[in-house]
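What follows is a single structure, written as structure tokens, with notes after it.
The values are calculated or read from the model by the stated rules, or taken from the named source; none is laboratory data. This is a predicted model, so every value here is computed, not measured. Because the Cβ atoms are built from the backbone with ideal geometry, glycine has one as well, and the counts that use them run over all protein chains shown.
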């Protein structure tokens, strides 16, 4: 699995280790490079005990969020994934999709047009990514 792709790297060898020098224009000062903190993210109460903290988004495009679910909270109705999929990482606690429990450290890919009923007996924190909006 590759997490980092470098453009036009320059490689050198030192004592058997490879050092890669990325192109300077593509680093953390590049236009579009973004960061945010959960503590500073805007908060939106979705349902009783369920809060969404938006970390990053592009208009009508991908977005990243943290969802906090208090113990005993439950989504009102069903959560349908449109227009694209939902990627979920359980940061802490135990998340339930209406069928099964997912403990901390679990990853869930919910394809476009799928649905679930988010809930948590113990409470949980989720990282959500919507690659298509």
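Laid out as a table, the results:
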| quantity | calculated |
| --- | --- |
| Qualifying residue in region 123-132 (condition: over 24 Å from residue 34 (Cα atoms), at pLDDT 95 or above and not in a loop (DSSP other than H, G, I, E, B)) | yes |
| Search result, residues across region 35-61 that are surrounded by 12 or more Cβ atoms within 10 Å (Cβ to Cβ) and in a loop (DSSP other than H, G, I, E, B) | 36, 38, 41, 49 |
| Some residue of region 92-115 being under 12 Å from the mean Cα position of the chain (by Cα), closer than 23 Å to residue 42 by Cα and modelled with pLDDT of 95 or more | no |
| Failed item in (1) on the phi > 0 side of the Ramachandran plot; (2) touching a strand residue (DSSP E or B) at 6+ places or on another chain (Cβ under 7 Å); (3) at pLDDT below 90, with residue 6 passing the rest | (1) |
| Filter result (more than 15 Å from residue 109 (Cα to Cα) and either touching a helix residue (DSSP H, G or I) at 6+ places or on another chain (Cβ under 8 Å) or surrounded by 15 or more Cβ atoms within 10 Å (Cβ to Cβ) (or both)) within region 71-90 | 73, 74, 75 |
